[in-house]
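Student: Can you keep this structure in mind? I'll have questions shortly.
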Amino acid sequence: MTIIVPGPRPTLLLYDWDNTLVDAWAGITAALNAVFAHFDKPLWTAEDTRDRVRVSLRESFPVMFGDRWEEARDLFYGTLTDKHLDHVTPMPGAREALLAGAAFPQGVVSNKAGDFLRREVMHLGWDAHFTAVVGAGDARADKPDPAPIFMALERMGHKPSRSVWYLGDTALDMQAARAAGVTAVLVGNALHDGGVERAAPDIHVHSAYQLSDWFIALTGGSSD
């Protein structure tokens, strides 16, 4: 079977983390609910978290908790420190996509706090896949600002270009990619974020399994 891969051929791959490569929503939800309970706010389900969490904590918590946002932040991270590794599992097809994409330099750019992000990468044994791992707080601003993408590319010795693919699951990820001047690749149907039309990606891939097939095709392998 011939597989046609749309868009410019990649020379470098950057991935979002949560809901793109891993499912960590249970741990994030538990930490958020510890904060919500402390502040007498309604609790969230994991589905609520997936639907509502977009920007980084340093942008969202001041809006949610006002002048007590730092107190909320410390409680959130204290809870997350104890439990987050218990809830991190690969998204379907993510392992296969990373292995198939190993012919290209790969990195991660996430709005998860950098220290937690790197612990999760190490926990899964995926650190060998990535030349750069950039999380919230590492750059001067977080996504949708392009600063963390620029930081990852600088660490990888690469300039922004359309041959860089930034792969994510939300409209915010696509916005960050466009702001950085790289190719915006939506993984999945973004049903939790208004769908494909709202995300407006340059390239849309239905799943990490399909992404794996694309990478194999691009490198001359076989998907059979």
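Student: I'd like the full set of residues that are more than 15 Å from the chain's Cα centre (by Cα) and in a strand (DSSP E or B), limited to the stretch 184-204.
Tutor: Within the stretch 184-204, Ile203, His204 qualify.
Student: Ok, one more. Failed condition for Tyr166, given (1) among the hydroxyl-bearing types (Ser, Thr, Tyr); (2) in a loop (DSSP other than H, G, I, E, B); (3) within 26 Å of His84 (Cβ to Cβ), with all others met?
Tutor: (2)
Student: Among the listed residues Ala103, Ala132, which satisfies the condition of being in contact (Cβ under 8 Å) with a residue 24 or more places away in the chain, hydrophobic (A, V, I, L, M, F, W, C), in the same structural domain as Gly188 (by TED's automatic domain parsing) and closer than 15 Å to Asp16 by Cβ? Before you say what the answer is, go through the steps one by one.
Tutor: Numbers: Ala103 fails: closer than 15 Å to Asp16 by Cβ.
Of Ala103, Ala132, the one residue that is in contact (Cβ under 8 Å) with a residue 24 or more places away in the chain, hydrophobic (A, V, I, L, M, F, W, C), in the same structural domain as Gly188 (by TED's automatic domain parsing) and closer than 15 Å to Asp16 by Cβ is Ala132.
Student: Please pick out the residue among Ala141, Ala128, Ala103, Ala180 that is among the hydrophobic types (A, V, I, L, M, F, W, C) and crowded, with 19+ Cβ neighbours inside 10 Å.
Tutor: Ala180
Student: Let me ask another. Restricting attention to the stretch 88-100, and to residues there that are crowded, with 18+ Cβ neighbours inside 10 Å and within 16 Å of the chain's Cα centre (by Cα), which single residue is farthest from Met174 (Cα to Cα)?
Tutor: Val88
Student: When the stretch 139-181 is examined, which residues are found to be β-branched (Val, Ile, Thr) and more than 21 Å from Met91 (Cβ to Cβ)?
Tutor: Val164
Student: Have a look at Val5, Val55, Val22, Val35 and point out the one that is touching a helix residue (DSSP H, G or I) at 6+ places or on another chain (Cβ under 6 Å), among the β-branched types (Val, Ile, Thr) and closer than 27 Å to Val182 by Cα.
Tutor: Of Val5, Val55, Val22, Val35, the one residue that is touching a helix residue (DSSP H, G or I) at 6+ places or on another chain (Cβ under 6 Å), among the β-branched types (Val, Ile, Thr) and closer than 27 Å to Val182 by Cα is Val5.
Student: Kindly indicate which of Gly93, Gly66 is of a type outside the set (A, V, I, L, M) and either in the same structural domain as Ala208 (by TED's automatic domain parsing) or touching an Asp or Glu at 6+ places or on another chain (Cβ under 6 Å) (or both).
Tutor: On the way: Gly66 fails: either in the same structural domain as Ala208 (by TED's automatic domain parsing) or touching an Asp or Glu at 6+ places or on another chain (Cβ under 6 Å) (or both).
When all the criteria are applied, what remains is Gly93.
Student: In the list Arg9, Arg73, which residue meets the criterion of being farther than 21 Å from Asp115 by Cβ and either out of contact with any strand residue (DSSP E or B) (no Cβ under 9 Å at 6 or more places or on another chain) or outside any strand (DSSP E or B) (or both)?
Tutor: Arg9
Student: Taking the stretch 12-41 as the search range and keeping residues that are assigned to a loop (DSSP other than H, G, I, E, B) and touching an Asp or Glu at 6+ places or on another chain (Cβ under 8 Å), which one is surrounded by the fewest Cβ atoms within 10 Å (Cβ to Cβ)?
Tutor: The selected residue is Asn19.
Student: Looking only at residues in the stretch 183-205 that are out of contact with any strand residue (DSSP E or B) (no Cβ under 8 Å at 6 or more places or on another chain) and on the phi < 0 side of the Ramachandran plot, which one is surrounded by the most Cβ atoms within 10 Å (Cβ to Cβ)?
Tutor: Per the stated criteria, the residue is Asp193.
Let's see how each residue does on (1) closer than 19 Å to Ile216 by Cα; (2) modelled with pLDDT of 95 or more:
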residue	(1), (2)
Asp67	no, yes
Val88	no, no
Gly93	yes, yes
Leu98	yes, yes
Phe116	no, no
Asp127	no, yes
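Student: Scan Val187, Val205 and give me the residue that is without any contact (Cβ under 8 Å) to a residue 40 or more places away in the chain and of a type in the set (Val, Ile, Thr).
Tutor: Values: Val187 fails: without any contact (Cβ under 8 Å) to a residue 40 or more places away in the chain.
Val205 is the lone residue from the list that is without any contact (Cβ under 8 Å) to a residue 40 or more places away in the chain and of a type in the set (Val, Ile, Thr).
Student: Does Thr170 meet the test of being touching a residue at least 12 places away in the same chain (Cβ under 8 Å), under 13 Å from His204 (Cα atoms) and in the same structural domain as Asn19 (by TED's automatic domain parsing)?
Tutor: yes
The values are calculated or read from the model by the stated rules, or taken from the named source; none is laboratory data. Remember, it's a predicted structure, so these values are computed and weren't measured experimentally. Using ideal geometry, Cβ is built from the backbone for each residue, glycine included, and neighbour counts are taken over all protein chains shown.
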